[in-house]
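S.K.: Got a structure for you, questions after.
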Amino acid sequence: MLVKREKVAIGVIIIIILILATLLQFQKAPVEEKEEKVFDDRISPLENQALFVEILRIRNRGLMDKMLSYGLDWRNPPSFYYVIEVDGKKGSSKGNVGETGVYTTWDTIGYESSMVFDVEEEKEYSKVVISIIELVPTGLFGRNVREVEKERIELKYDYRTGRWTGDDYFMDKDGMGHYLGKNYEVWFNLYQADYDHDGIPYWVEVNILGTDPTVDDSKLDPDNDGIPTDWEWRFGYDPFTYNEHSKLDPDIDGIENIEEYMLRDYFANPFQPDIYIETDGMERKGIFDLPHIFYKESQQMIIERFARHGINVYIDDGWNAVPNGGGELLPYQSNLDDILGKQLLAFYKHNFPDERKGVFRYVVVGVRQDGGGFITPVKYNRFDAIYVSNDFNSMITRIAFTPREIRVMLAKAILHELGHSLGLMPGLFPGIDIVSRRVYDRYPSMPDDEYNAYLEKYYSVMNYQYIYNKPWFYSENRSYLFDYSDGSNGLPYDWNDWEHIYLPTFQIDVPAYEDPSIETFEDFKPVRDYPELVAKGWKYDENLTQKYANEFKKFVFIKNTDADIKVLVKENAKEDEYNLRVYAKPKVEPVFAVYSLVAEGKLIDGKVEFYSQQSLINEAMEKLKEK
């Protein structure tokens, strides 16, 4: 019995010793240190290094001015070509374009081209020069030509980051890959040889993003926000943190980021205000009928007018991008109305794709017995559908009988209707849509001297007194009016249209209805019951707004006006999500506007933080220097 107890005691002692030994072993075991990130300064270990230069579009800026003056110069498009130079090596498109070897057009949209340049391995930077060379007629009757460099774009390409600096750069005032020169506007792209073809350089993948440089990230969306890694990297968003791209609109053009991504092949940039238009024409009634189309020259006039104010206009008149896209000829009709019946709904429904509604404006050029046009909301109260005539009736109304004047007057009519889609509505400012009382009395209770002052001093295409104005041969001023007012005549009878345009007007309900019973503009009853900001789960933070409002205006990319800022925070947000939002509303009163989401960040212990690619790049460069 005693022996048995001794055995039990010995067993217990052995167990205790083993437990103590195990505990001691854990105590002596070294604490596992966090693995330090390894930086890799190689540039092209997986491929032969090369630089690709794409010329996506070149547009001559001179057509609008030629259209607005007498003469036939508008019929003579320029002849030009481009030269690309990379580190002293040159390539020219001369002799390799179309039938004549050079471009002979006002706009090369739809005729993209590219060149590739072999560069030495592990090269850090390349100097890139893009030149536009125009063949200028000289001598008697212009029989000789002189080659003149009209634009010169100098860039420095960084093979580590895939970014470039110089005459164009990331987050510049007119959009990366877009150069607005004095004579030509150029869209281009630079990219380097890349093993996985996602456009993200090896150095960025291994040192900044931590992604696999052998896997195509253009097909991956690790944060599940609807936009893949390559686009988010290109435009400065964190690919690993969910962004509300369906609401983000930093340029406040009404085209949210998710839509900008869908339009990536059509020059869309989330930091550059854009206007997209789909246009259809109408079948002709007989061989002597005028073409019911949006003429190319009229399009170029619209494009250039907005370009001079920092806004890009893109017009689909046959891109073949989607079924029922632009360029269709619709069945002939002559009595479409903007109030009674709104027959434009049929074309809007069947010929204007649903995926474009709220992104594109829809412009139909057709026939109208009064030779005029209109903009009308055919769905809810969104002013996004425009109908303008181009027929014999419009020739009489506009006193336009030459090919040039027909095109000019059509452009003026469309510019006027576009103004309504930008918020320039009757009733907000008395000069808008005002017309002589001999024709129609817009404001019956307004004294004659005031009424006539608006007619005279509001010098805008939005004023019917000037919409179809033209200079005569004996006029001192030989230029047409083709613009919105700059307000130079001063309040109260003139205002600056450009400071009041609000691009998203076409996709929101305007707070006044054009009821069939309305007879004058005094009958309009705008009701501002619409909320300016809806963000469920988010709370307005007055202190943060007051503290950061001026600083956060850097996130707003609008033209011609300022913006109000609001900062909202989200309580109980998850650690890996953004809990701070910056909203902005352009100061365009009395034009109705709402707040748009322009940026997302994190509020951590009272400190505001935003994702910054440049900070990550700088950090990586410092670590490599230390190494």
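S.K.: Give the range 453-466 a look and list any residue that's assigned to a helix (DSSP H, G or I) and either on the phi > 0 side of the Ramachandran plot or not hydrophobic (A, V, I, L, M, F, W, C) (or both), or say none.
M.R.: Listed by number, the residues that qualify are Y454, E456, K457.
S.K.: Another question, if that's okay. Looking only at the range 391-421, how many residues end up being assigned to a helix (DSSP H, G or I), out of contact with any strand residue (DSSP E or B) (no Cβ under 9 Å at 6 or more places or on another chain), among the aliphatic types (A, V, I, L, M) and crowded, with 19+ Cβ neighbours inside 10 Å?
M.R.: 5
S.K.: Mind checking which strands (runs of 3 or more DSSP E) fall wholly inside the range 161-265 and carry at least 1 residues that are surrounded by 16 or more Cβ atoms within 10 Å (Cβ to Cβ), in contact (Cβ under 8 Å) with a residue 24 or more places away in the chain and touching a His at 6+ places or on another chain (Cβ under 7 Å)?
M.R.: So the answer is 184-192.
S.K.: What residue, of K539, K559, K574, is at pLDDT 95 or above and farther than 30 Å from Y440 by Cα?
M.R.: When all the criteria are applied, what remains is K539.
Conditions tested, residue by residue: (1) of a type in the set (A, V, I, L, M, F, W, C); (2) crowded, with 16+ Cβ neighbours inside 10 Å.
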residue	(1), (2)
R42	no, no
V53	yes, yes
L56	yes, yes
N76	no, no
Y81	no, yes
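S.K.: Further, regarding this structure: Can you name the strands (runs of 3 or more DSSP E) wholly within the range 44-114 that have at least 3 residues being not charged (D, E, K, R)?
M.R.: 50-60, 79-86
S.K.: With the condition kept exactly as written, say whether any residue in the range 503-515 is part of a helix (DSSP H, G or I), surrounded by 20 or more Cβ atoms within 10 Å (Cβ to Cβ) and in contact with a strand residue (DSSP E or B) (Cβ under 6 Å, 6 or more places away or on another chain).
M.R.: yes
S.K.: Turning to a different aspect of this structure: Going residue by residue through the range 11-31, is there one that turns out to be among the aromatic types (F, W, Y), at pLDDT 95 or above and more than 30 Å from I200 (Cβ to Cβ)?
M.R.: Within the range 11-31, none of the residues are among the aromatic types (F, W, Y), at pLDDT 95 or above and more than 30 Å from I200 (Cβ to Cβ).
S.K.: Answer yes or no: is there a residue in the range 365-377 that is farther than 30 Å from L72 by Cβ, assigned by TED's automatic domain parsing to the domain that holds L345 and among the charged types (D, E, K, R).
M.R.: yes
S.K.: Considering only the range 117-160, state which residues are of a type in the set (A, V, I, L, M) and either in contact (Cβ under 8 Å) with a residue 12 or more places away in the chain or under 30 Å from A307 (Cα atoms) (or both).
M.R.: V119, V128, V129, I130, I132, I133, L135, V136, V145, V148, I153, L155
S.K.: Restricting attention to the range 586-601, which residues are charged (D, E, K, R) and surrounded by fewer than 20 Cβ atoms within 10 Å (Cβ to Cβ)?
M.R.: K587, E589
S.K.: Next question, about the same structure. Do we find a residue being at positive phi and modelled with pLDDT of 95 or more anywhere in the range 417-432?
M.R.: Yes, some residue in the range 417-432 is at positive phi and modelled with pLDDT of 95 or more.
S.K.: Can we say Y451 is out of contact with any strand residue (DSSP E or B) (no Cβ under 8 Å at 6 or more places or on another chain), in the same structural domain as I518 (by TED's automatic domain parsing) and without any contact (Cβ under 8 Å) to a residue 40 or more places away in the chain?
M.R.: yes
S.K.: Tell me, which residue of the range 288-310 that is in contact with a strand residue (DSSP E or B) (Cβ under 6 Å, 6 or more places away or on another chain) and in a loop (DSSP other than H, G, I, E, B) is nearest to A413 (Cα to Cα)?
M.R.: Only one residue tops the list, namely F294.
S.K.: Related question: Does the range 334-350 include one or more residues that are out of contact with any Leu (no Cβ under 7 Å at 6 or more places or on another chain), crowded, with 17+ Cβ neighbours inside 10 Å and either part of a helix (DSSP H, G or I) or outside the structural domain of F506 (by TED's automatic domain parsing) (or both)?
M.R.: yes
S.K.: Could you grab me the full set of residues in the range 404-448 that are farther than 20 Å from A512 by Cα, touching a residue at least 40 places away in the same chain (Cβ under 8 Å) and aliphatic (A, V, I, L, M)?
M.R.: Once the filter is applied, which keeps residues that are farther than 20 Å from A512 by Cα, touching a residue at least 40 places away in the same chain (Cβ under 8 Å) and aliphatic (A, V, I, L, M), the range 404-448 yields I406, V408, M409, L410, A411, A413, I414, L415.
S.K.: Find the residue count for the range 541-556, including only residues that are exposed (fewer than 14 other Cβ atoms within 10 Å of the Cβ) and either not in a helix (DSSP H, G or I) or not basic (K, R) (or both).
M.R.: Qualifying residue count for the region: 5.
S.K.: Given D494, D529, D509, which one is among the acidic types (D, E) and not assigned by TED's automatic domain parsing to the domain that holds V313?
M.R.: Values: D494 fails: not assigned by TED's automatic domain parsing to the domain that holds V313; D509 fails: not assigned by TED's automatic domain parsing to the domain that holds V313.
Among D494, D529, D509, only D529 is among the acidic types (D, E) and not assigned by TED's automatic domain parsing to the domain that holds V313.
S.K.: For E450, are the conditions met, namely being more than 28 Å from the chain's Cα centre (by Cα), in a helix (DSSP H, G or I) and closer than 30 Å to K66 by Cα?
M.R.: Here the answer is no, as E450 does not meet what is asked.
The values are calculated or read from the model by the stated rules, or taken from the named source; none is laboratory data. Since we're looking at a predicted model, the values are computed, not measured. All Cβ positions, glycine included, derive from the backbone under ideal geometry; neighbour counts span all protein chains shown.
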